[in-house]
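Since the structure comes first, as structure tokens, the remarks are kept for the end.
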Amino acid sequence: MLKLVQSSLIMLAVILPGLANAETILITGSNRGIGLGLAEAYAERGWRVIATARSPERADELNALDAKYDNLTVDELDVTDDSEIAALAVQYEGTPIDVLLNNAGVLGDVEKQNAQNIDYDEIKFIMDVNVYGPMKMAKAFLPHVAASKQKKILTMTSGLGSMALTQRLGRFYGYRMSKAAVNMAMRAMHADLKGEGYVIGLIAPGQVQTELLFASGFRGPGSITVDESVAGLLTVIDGVNAETVGLPVNYDGQAIPW
Ligand SMILES: NC(=O)c1ccc[n+]([C@@H]2O[C@H](COP(=O)([O-])OP(=O)(O)OC[C@H]3O[C@@H](n4cnc5c(N)ncnc54)[C@H](OP(=O)(O)O)[C@@H]3O)[C@@H](O)[C@H]2O)c1
């Protein structure tokens, strides 16, 4: 028994100093899709990963990562729930977070956001998740990000939020509005806080084969796997800094026009 306790303590001593020096990322919506891929990739890199999900009890793939990696923890978080956001910020008080990654997002019901049918309750729901969620997270976690080395707050946007790219095909009004709005919110926040060393930017994953893409009806050529998107996003996230932050950057390094 004594031997077991001793070896556990030695293991902890080996793991904890490593984790104390490791960079930390907090990812929202990490139970599936791109968020899950990013959580695994950062855990594999040796970062400390705070992987959040609305319903951890149903997040089987994420829980499997939790079991596999000592440097990944799973926490419950609905980005529309103010009390959960506040509680998580308190739980991690004093923990520097190098990258806060606002990944969670919803497409909404595509039949409720077109010229024939506009459901404003649906649009409000999309805005709650895709716009106010990232804004609330950014505000709540500013102290954690401020205490880190990289000081990055990055939000997943989409080419569908680009005015310049919205020429031939419309639809997805609520989703498009939400991504354009979050672009502006984060741009304004960066303008306010860049003097304090924060890097508040926008990234995009490409057309990725996830539930969100399938629900949109897009399945065509040009779509990529989660692994392909994540590989590109890691480079993009590494590369965003005070000098380069500006237009949203796609997973392949291309800038997306406003
Ligand atoms: N796939 C694409 O082609 C594409 C293109 C451009 C941008 N994006 C953006 O990339 C991000 C990830 O999308 P994805 O393709 O990976 O979609 P996905 O597979 O549908 O995953 C969406 C994730 O967001 C979570 N989520 C939804 N509402 C939430 C809430 N209120 N609080 C916390 N988490 C919530 C989901 O959790 P639950 O499982 O609990 O619902 C899920 O983990 C989104 O911001 C999306 O807009 C995707």
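Structure notes:
- Nonlocal amide H pairs with I200, under 5 Å, H built at 1.01 Å: I153
- Here is what passes the span test in the chain: the DSSP H helices with alpha carbon length of 24 Å or more along the helix axis and a Kyte-Doolittle mean of 1.0 or above are 2-21.
- For the chain, built as a Gaussian network whose Cα springs stay under 10 Å, the top-fluctuating residue of A231, A53, A104: A231
- Within the shell of other residues whose beta carbon sits under 9 angstrom from the beta carbon of Y69, the net charge comes to -3, with Lys and Arg scored +1 and Asp and Glu -1.
All of the numbers you see were taken from the coordinates with simple rules; none came from a lab. Just so it is clear, the structure is predicted and the values come from calculations on it, not from any experiment. Cβ coordinates were reconstructed from backbone atoms using ideal geometry, including for glycine residues, and neighbour counts include every protein chain displayed.
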